[in-house]
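A.B. asks: Questions regarding the structure given below will be posed in turn.
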Amino acid sequence: MSDRQPRWTQTWIGGPRAAGVDLGYPGERLGLPEQGPGAVAGWGRRVGAVVVDWLLCTWAIAGGLLRVQGNDIGAVGLGVFAAEYVLLVGTIGMTLGMRLFGIRVAALDGKRPSFSSVLVRTLLLCLAVPALIWDRDRRGLHDRASRTVVVNL
């Protein structure tokens with residue numbers, strides 16, 4: 001009974017892997033290693049880095065340094081968050097949260113992304129929804145549009 005075919009519902013509910021299709025590891029199509037430095041970063045590290053950056057920008061900078069209060073703290077925090085991303089990813093390829101979690105943003109050729117790529121990526125990241133739609137290489141729509149990938153240090 002080991003060569004039993006999956007039910008038709010298992011092939012579309014579980015995705016292609018449930019139907020027995022081998023898609024390779026995340027990043028294989030991009031020529032990246034499976035593990036270690038240069039491999040596609042996992043979801044936990046990426047989410048952790050965004051949370052650290054968001055808290056830093058909203059609470060520490062907008063609330064603490066700039067002393068913004070009330071309903072305005074979210075909008076000012078988002079502006080600081082966007083400025084942090086453009087400045088830090090555009091110059092050193094990572095934010096403070098990314099450095100803490102050992103990841104960085106790279107262009108598909110492995111180099112630092114161009115300034116225009118960083119702007120596009122940051123704008124879409126601030127919209128949130130594009131960052132929540134991923135492909136099999138763990139790239140959100142913001143990564144695909146800017147032709148970048150988040151990799152391990």
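A.B. asks: Could you list all residues from the range 28-46 that are open to solvent by 50 Å² or more (accessible area, probe 1.4 Å) and small (Gly, Ala, Ser)?
C.D. replies: Listed by number, the residues that qualify are 31, 44.
A.B. asks: Looking for whichever is of a type in the set (Val, Ile, Thr) and more than 13 Å from residue 57 (Cα to Cα) here; the options are 105, 76. Which one fits?
C.D. replies: Selected residue: 105, the only one of 105, 76 that is of a type in the set (Val, Ile, Thr) and more than 13 Å from residue 57 (Cα to Cα).
A.B. asks: For the range 113-142, give me each residue that is farther than 18 Å from residue 25 by Cα and not hydrophobic (A, V, I, L, M, F, W, C).
C.D. replies: 113, 114, 116, 117, 121, 122, 130, 142
A.B. asks: Failed condition for residue 30, given (1) modelled with pLDDT under 95; (2) within 22 Å of residue 131 (Cα to Cα); (3) in contact with a Gly (Cβ under 9 Å, 6 or more places away or on another chain), with all others met?
C.D. replies: All conditions are met except number (3).
A.B. asks: For residues in the range 108-153 being part of a strand (DSSP E or B) and open to solvent by 20 Å² or more (accessible area, probe 1.4 Å), which is farthest from residue 32 (Cα to Cα)?
C.D. replies: Within the range 108-153, the match that is farthest from residue 32 (Cα to Cα) is 134.
A.B. asks: For the range 47-94, which positions are outside any loop (DSSP other than H, G, I, E, B), in contact with a strand residue (DSSP E or B) (Cβ under 7 Å, 6 or more places away or on another chain) and either closer than 19 Å to residue 117 by Cα or open to solvent by 30 Å² or more (accessible area, probe 1.4 Å) (or both)?
C.D. replies: Hit for the range 47-94 is 89, nothing else.
The values are calculated or read from the model by the stated rules, or taken from the named source; none is laboratory data. Bear in mind the structure is a predicted one, so any value in this text is a computation, not a measurement. When we count neighbours, we look across all protein chains shown, and the Cβ atoms used for this are built from the backbone with ideal geometry, even at glycine. In case anyone asks, the SASA skips ligands and DNA or RNA and just uses the protein heavy atoms, side chains included. Shrake-Rupley method; radii C 1.70, N 1.55, O 1.52, S 1.80 Å.
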